[in-house]
Structure formats: C-alpha cells, structure tokens
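The values are calculated or read from the model by the stated rules, or taken from the named source; none is laboratory data. Note that the structure is a prediction, hence the values are computed from the model and not measured. Positions of Cβ are backbone-derived with ideal geometry, glycine not excepted, and every protein chain shown enters the neighbour counts. We work out accessible area using only protein heavy atoms, side chains counted, and drop any ligands, DNA or RNA first. Shrake-Rupley method; radii C 1.70, N 1.55, O 1.52, S 1.80 Å.
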Amino acid sequence: MIALYTWKTPNGKKPAIMLEELGVSYHIHPVDIGKDEQFSKEFLRISPNNKIPGMIDNDPNTGMPVVLFESGAILTYLAEKYEKFLPTNGASRYKTMEWLYWQVGGLGPMLGQLGYYAVRAPEKLPQPIDRFTKEADRLLGVLDKHLQENEYLAGGLYTIADIATYPWVEAATTFLSAPLQESLSTKNSLKRWIGLISERPAVKKGMAILT
Ligand SMILES: N[C@@H](CCC(=O)N[C@@H](CS)C(=O)NCC(=O)O)C(=O)O
C-alpha cells in the first residue's frame, strides 16, 4: 500500500488529490509541520529536505519500495505508474510538464513566501508583503490569460498540472491574501477553472485530508 507522509497544506494536498483521482488505496501518516515533525529522523529518511509531502510505495510488483519527496516527482511517478493524468507522448505531455514546473518552481514558492510574510510572520513587514503580493498577482494573471484559451492547463485534458496548481490557487484566493481575493473578481477564466476543478469529487476529498 502507498504510504503518504503529508500535512494539510497546498503541497500536502496535491498527492492526496492524485491518489483519490486514481482510486488507489493509501494510508496517510500525518507530519505536523506546526510541531516540527518534518525534522524527525523517520521523516528525514523519506524527505531529506524536511518538507512534506513524502511517499513510500511498497509495490510488490517492483520488488523494492519507491521512496520519494517533492510533490512534482510524486505526481509524475503516480501518473506514469497508473497511466493517467499525464499523456505518454506528444505536445500535451510537455505542456503538462511545462505547467507542472511553473507551479512547483514559480507559483508555489511565491505564494509560500507571501504566506510567511502576510500570515505567519510575527511582524508584518510591508515591503516583502507588497513584493510577494504583486508577484503572486502577476502569476495568477498569467494563469488567467492562459485559461482564456485553454480549458485546463495542458489544453483540453485534466492533468497533474491542474492537480498541482489547484490547492495553491485555492489558498491564494481564500485565506492567504485579501488583495488576491479581490483581484480574482476580474480574472474570469481563472474563476471558471476554479469552478471546474473544485467540483471534482476526488479534489473535494483530497482537499479535506486531515481536517
Ligand atoms: N517543492 C516542494 C515544496 C514542499 C513544501 O514547501 N512543503 C512545506 C509545506 S507546504 C513544508 O513542508 N514546510 C516545512 C518546512 O519548511 O520546514 C514540493 O513541491 O514538494
């Protein structure tokens, strides 16, 4: 069975959504990052970067467990193993990769910094809050523009790029930042996509882990 080491944060919800979409049975091992459990010896053996999510797939068919950290790698592994949500070849495969890397390397880190400075930091410093709000809004604008001409991130197909991006967009437009919530009202294509993704039963289940 797949063991998912995770917590109820945007990065932690991505593999849970994927496993729900695949209908694969899995067991959640909570790693409470509010209590520094990501620094435990057991977890560091799975994720040496001390960040959730991590995953162990004890698949008897492969002979040895597959141990992974980094949500993009976990999503890609699961997509290739179960042959779903990542086209095996052609332009749409690389469009999926393009938006997956955009999320993991751009949207996620910027929103993560915004979350720190605007929500968690004891002192609210205007300069970093302003910088990361503007950058997050720019990235959401890029997404909105792309979605004007594309139903999903990779075009006509729902893929791991959508699965990776949705939990961060949901956080950005709910609790992370009031200015981002306001600017969503002008981003109609992004709103359409949010509606489309949020209605999926697997997304509802994956978003609700550990609540
Ligand atoms: N690039 C990583 C980012 C993971 C990440 O930032 N996880 C956060 C929670 S959303 C975490 O574990 N933070 C704990 C820490 O920094 O100590 C991924 O996509 O898996």
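Which part of the range 150-176 falls in the paramagnetic zone of VAL24, meaning amide N under 20 Å from the point 7 Å along Cα-to-beta-carbon?
158-167, by backbone N distance to the label point.
Which length gain, in nm to one decimal place, applies between THR174 and GLU151 when the Cα-Cα distance is subtracted from 0.36 nm times their residue separation?
Working: separation 23, 0.36 × 23 = 8.28 nm, distance 2.24 nm.
Value of the extension gain: 6.0 nm.
Over all directions, the average projected area of the alpha-carbon convex hull for the range 117-204 comes to how many nm²? Mind showing how you got there, number by number?
On the way: hull surface 23.7 nm².
Its Cα hull, projected and averaged over all orientations, spans 5.9 nm².
Need the list of lysines near LYS35 for cross-linking: C-alpha distance under 25 angstrom, and skip anything on the same chain fewer than eight residues off.
Answer for LYS35, where 25 Å is the Cα cut-off: LYS8, LYS13, LYS14, LYS51, LYS124, LYS205, listed by chain and number.
In the chain, which longest range has no GluC sites (Glu not before Pro) that are both DSSP loop (not H, G, I, E or B) and surrounded by at most 12 other Cβ atoms within 10 Å?
On the way: sites that count: GLU83, GLU123, GLU199.
With a cap of 12 other Cβ atoms within 10 Å, the longest stretch comes to 1-82.
Would you calculate, for the chain, the mean residue ellipticity at 222 nm contributed by helices, counting each DSSP H stretch of 4 or more residues as -39,500 (n - 2.57) and dividing by all residues, to the nearest 500?
Numbers: 10 runs with 111 residues, N = 211.
Computed mean residue ellipticity for the chain: -16000 deg cm²/dmol.
Under a Cβ-Cβ cut-off of 11 Å, what is the net charge of the residues other than VAL24 that fall near it, where Lys and Arg count +1 and Asp and Glu count -1? Show your work: numbers first, answer last.
Numbers: positive: LYS81, LYS84; negative: GLU20, GLU21, ASP57, ASP59.
Here the count lands on -2.
For the chain, take the alpha-carbon Rg, divide it by the Kirkwood Rh, and send me Rg/Rh.
Over the Cα atoms of the chain, Rg/Rh equals 0.96.
Using a 1.4 angstrom probe, figure out how much accessible area the chain has per residue, in square angstrom, rounded to the nearest whole.
Details: 10530 Å² over 211 residues.
Here the per-residue accessible area is 50 Å².
On the accessible surface of the chain, probed at 1.4 Å, how many percent belong to carbon and sulfur atoms?
Of all accessible area on the chain, carbon and sulfur atoms account for 54 percent.
Within the chain, which complete DSSP H helices have Cα atoms spanning at least 24 Å along the helix axis and a mean Kyte-Doolittle hydropathy of -0.5 or higher? The partial results should precede the final answer.
Details: long enough: 126-149 (35 Å, -0.85).
Qualifying helices: none.
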